[in-house]
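Q: This is the structure, below, for whatever I ask next.
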Amino acid sequence: MPEPRDDHLAPSFGTWLRELPNLPKIWSSPIRRVRLPADAGEVLPDKDRAPVLVLPGIMSNDGATSLMRRTLNAAGYDAFPARLGMMVTGITQAFFDRAEARQDEVYAQTGQKVVLIGISLGGLYARVLAQRHPEKVALVMTLGTPFSGDRRANNAWRLYEAINDHKVDNPPLADDPRQKPPVRTIAIWSPHDGVIAPACSRGEEGECDRAIEVPEKHFEFSASRASIQRVLTILNEEMREIG
């Protein structure tokens, strides 16, 4: 029997191929119906619900997070799009400035600390925003985000370098995403991730407060109803603790 693959390495080609059937879920996110299960739980009191800013991943935009945001809204949260532009291409000063301005806007509009949910690369922005502005952040939750380990331990770095003017391990922002922000920080990861090495989105000891293993593939994190319901459940748990 072959030994299990080292989860610090980029996922195998076969695992990556198994991601592809999930792409239509992402593309159709804006038109899919919200379905809250009967056991979704009671809506938390207003005082226990922070506004949520959802940051999309690479080669993506707010359309990809539409179903997640609308589901959170249906569950009583105020979930906001990131408005970073037509397509997020990487870690750049321009995208970070937009994310920072959007966080400030949501914080000012609601008068509350903001929950930052980052999908894949969007989680890097979430962690750095919370490092720089912890006074404005209630919680960071990353989904399949490669914040730890080798920045080439994934199946996206060649694409990243092809569409950016810098190397994946030398972005124009000096901030280190491995450093845990001084706020509650959750890392959601999957051993079935076909894009990111699971260890890189799980993190090492001290890099997050809670690492949660889930069964989804990478392209399901923001578009699978099961994944979104799990995010909602975790968010409710964390908000009760914080509240």
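The values are calculated or read from the model by the stated rules, or taken from the named source; none is laboratory data. This one's a predicted model, so the numbers in the text were calculated from it and none came from an experiment. No Cβ is skipped: glycine too gets one built from the backbone with ideal geometry, and neighbour counts run over all protein chains shown.
Q: On the given criteria, is Phe219 part of a helix (DSSP H, G or I) and in contact with an Asp or Glu (Cβ under 8 Å, 6 or more places away or on another chain)?
A: Here the answer is yes, as Phe219 does meet what is asked.
Q: Scan region 84-98 and tell me whether some residue there is in a loop (DSSP other than H, G, I, E, B), within 18 Å of Val52 (Cα to Cα) and in contact with a Lys or Arg (Cβ under 6 Å, 6 or more places away or on another chain).
A: Checked region 84-98: at least one residue is in a loop (DSSP other than H, G, I, E, B), within 18 Å of Val52 (Cα to Cα) and in contact with a Lys or Arg (Cβ under 6 Å, 6 or more places away or on another chain).
Q: Confirm whether Ile119 is among the hydrophobic types (A, V, I, L, M, F, W, C) and modelled with pLDDT under 95.
A: In short, no.
Q: Okay, next question. Name the residue that is nearest to Arg202 (Cα to Cα), counting only residues in region 99-130 that are among the charged types (D, E, K, R) and part of a helix (DSSP H, G or I).
A: Out of the qualifying residues, it is Arg127.
Q: Follow-up. So, in region 152-168, how many residues would count as being more than 14 Å from Ala10 (Cβ to Cβ) and surrounded by 15 or more Cβ atoms within 10 Å (Cβ to Cβ)?
A: Total meeting the criteria: 2.
Q: State whether one or more residues within region 55-77 are in contact (Cβ under 8 Å) with a residue 24 or more places away in the chain and in contact with a Phe, Trp or Tyr (Cβ under 6 Å, 6 or more places away or on another chain).
A: yes
Q: Would you confirm whether any residue within region 17-28 is modelled with pLDDT under 95, surrounded by 20 or more Cβ atoms within 10 Å (Cβ to Cβ) and touching a helix residue (DSSP H, G or I) at 6+ places or on another chain (Cβ under 8 Å)?
A: Within region 17-28, not a single residue is modelled with pLDDT under 95, surrounded by 20 or more Cβ atoms within 10 Å (Cβ to Cβ) and touching a helix residue (DSSP H, G or I) at 6+ places or on another chain (Cβ under 8 Å).
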